[in-house]
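Taking it in order: structure first as structure tokens, then the write-up.
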Amino acid sequence: MQNAKLWQRMLGVEHTVIDQVVFDDDGGCIVVSVRPRKGAAKLRCGLCGLACPGYDQGEGLRRWRALDLGTLPVWLEAAA
């Protein structure tokens, strides 16, 4: 993606790769598909950042609300 660095800075995401940015016509929002970088450890606590094996073993896609871009809501989407 050509503008991945711009999207990373606008959304304030670190240690992530932006796979896709899509405008959802039905919801009237922007959905940004992200994933952790290859070197980033996956099994970490979301609060303290320490390694916690088995911390989150969820399935499917999850969404988190990001900062809005003007009047458009933005959602970050990643595999659990």
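The values are calculated or read from the model by the stated rules, or taken from the named source; none is laboratory data. Quantities reported herein were computed from a predicted structural model and do not represent experimental measurements. Don't worry about glycine lacking a Cβ; one is built from the backbone with ideal geometry, like all the others, and counts go over all protein chains shown. Side chains are part of the model used for accessible areas, which takes the heavy atoms of the whole protein and leaves out ligands, DNA and RNA. Shrake-Rupley method; radii C 1.70, N 1.55, O 1.52, S 1.80 Å.
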Other-chain or far-sequence residues with amide H under 5 Å of Cys29's (modelled H)
Asp24
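How charged is the neighbourhood of Glu77? Take every other residue with its Cβ under 12 Å from the Cβ of Glu77, and add Lys/Arg as +1 and Asp/Glu as -1. Walk me through the intermediate numbers first.
Values: positive: Arg35, Arg62, Arg63, Arg65; negative: Asp19, Asp24.
Result for the neighbourhood of Glu77: +2.
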From largest accessible area down, sort Cys29, Cys48; use a 1.4 Å probe on the protein chains.
Cys48, Cys29
Quick one: ranking Asp26, Asp68 by accessible area, 1.4 Å probe, largest first, what do you get?
Asp26, Asp68
